[in-house]
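The values are calculated or read from the model by the stated rules, or taken from the named source; none is laboratory data. For clarity, every value in this text was computed on a predicted model and none was experimentally measured. Reconstructed Cβ throughout: ideal geometry from the backbone, glycine too, with neighbour counts over all protein chains shown.
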Amino acid sequence: MYLFKTPKLLKWAYSGLTWSKNSPGVYLTFDDGPVPEATLDVLDILESFQIKASFFCVGDNVVKHKAVFEKIVAAGHSVGNHTQHHLLGWKTDNKEYIENVAMGFESMRQAGYKGPLYFRPPYGKAKKSQIRAIKKRFQCEFIMWDVLSYDFVSTLPQEVSLQKSLQHTKDGSIVLFHDSIKTIDKLKQILPLYIEGVLQKGLEFKPI
Ligand SMILES: [Zn+2]
């Protein structure tokens, strides 16, 4: 079963996290970059529609592809930390996890980023003790999502990803896609259609 819409119970259980915004707008987010093979295509699509989005970056990719990271920021998109090595919080000891989060922020800082601190746990999974410790240490906002495109499931027809994502998108929605090598072929197909569909609903896109 694919949960395109984040369940209310989960939002309630983790109410200290940002699942959607109270302000008007649709907040497109892309996880796991920056990688030139995917992120540059996403930037081109966003530019062709003249819209801004947000990128949750893996620190290791920021170090490896600093120029791509700089291009995201220079284009006016928001960026957030997605840990240095894409760790799964539930299976990682707290000290190791929090240090990896610190490395992620440091990689962004060394690449010249000076903006507000946003964090998204890989797989959307972090222990409550990790969430508390990260918020306290970095004073960052946890950005989750309320619409998941399932762009990473290669067996799911792209029409289903597109239609379900569109159906659940409303004002304030935070929508999750991936700028990764694995998803880029599907993304190049569905992202322009998704953006057109949202604009046809009379909604506008904003960065976090
Ligand atoms: Zn991820």
Q: Looking for whichever is under 18 Å from Phe4 (Cα atoms) and assigned to a helix (DSSP H, G or I) here; the options are Ile134, Ile190, Ile174. Which one fits?
A: Ile190
Q) Can you find a residue in the stretch 61-74 that is among the small types (Gly, Ala, Ser), within 27 Å of Lys186 (Cβ to Cβ) and touching a residue at least 40 places away in the same chain (Cβ under 8 Å)? A) no
Q. So Leu176 clears everything in (1) touching a residue at least 12 places away in the same chain (Cβ under 8 Å); (2) over 20 Å from Gly76 (Cα atoms); (3) not β-branched (Val, Ile, Thr) except one condition, right? Which one?
A. (2)
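When you scan the stretch 123-151, how many residues do you find that are polar (S, T, N, Q) and away from the ligand (no atom under 16 Å from the Cβ)? Before the answer, list the steps.
The initial filter retains those residues of the stretch 123-151 that are polar (S, T, N, Q), namely 129-130, 139, 149.
Applying the additional criterion that residues be away from the ligand (no atom under 16 Å from the Cβ) yields 129, 139.
Of the residues in the stretch 123-151, 2 are polar (S, T, N, Q) and away from the ligand (no atom under 16 Å from the Cβ).
What do you reckon, is Gly80 modelled with pLDDT of 95 or more, within 13 Å of the ligand (Cβ to nearest atom) and either assigned to a helix (DSSP H, G or I) or farther than 22 Å from His178 by Cα (or both)? Break it down stepwise before answering.
Numbers: modelled with pLDDT of 95 or more: yes; within 13 Å of the ligand (Cβ to nearest atom): yes; either assigned to a helix (DSSP H, G or I) or farther than 22 Å from His178 by Cα (or both): no.
Here the answer is no, as Gly80 does not meet what is asked.
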Q. For Val35, which of the numbered conditions (1) touching a Phe, Trp or Tyr at 6+ places or on another chain (Cβ under 9 Å); (2) among the β-branched types (Val, Ile, Thr); (3) within 16 Å of the ligand (Cβ to nearest atom) fails to hold?
A. (1)
**Q.** Unmet requirement for Ala67, which otherwise passes all of (1) in a loop (DSSP other than H, G, I, E, B); (2) loosely packed, with under 15 Cβ neighbours inside 10 Å
**A.** (1)
Q | Residue in the stretch 7-27 that is exposed (fewer than 15 other Cβ atoms within 10 Å of the Cβ), outside any loop (DSSP other than H, G, I, E, B), within 16 Å of the ligand (Cβ to nearest atom) and of a type outside the set (Phe, Trp, Tyr) present | A | no
Q) Looking at the stretch 148-182, which of its residues are modelled with pLDDT of 95 or more, under 19 Å from Val35 (Cα atoms) and buried (at least 23 other Cβ atoms within 10 Å of the Cβ)? A) Leu176, Phe177, Asp179
Q: Among residues belonging to the stretch 93-122 that are crowded, with 19+ Cβ neighbours inside 10 Å, in a loop (DSSP other than H, G, I, E, B) and more than 12 Å from the ligand (Cβ to nearest atom), point out the one that is nearest to the chain's Cα centre (by Cα).
A: Tyr113
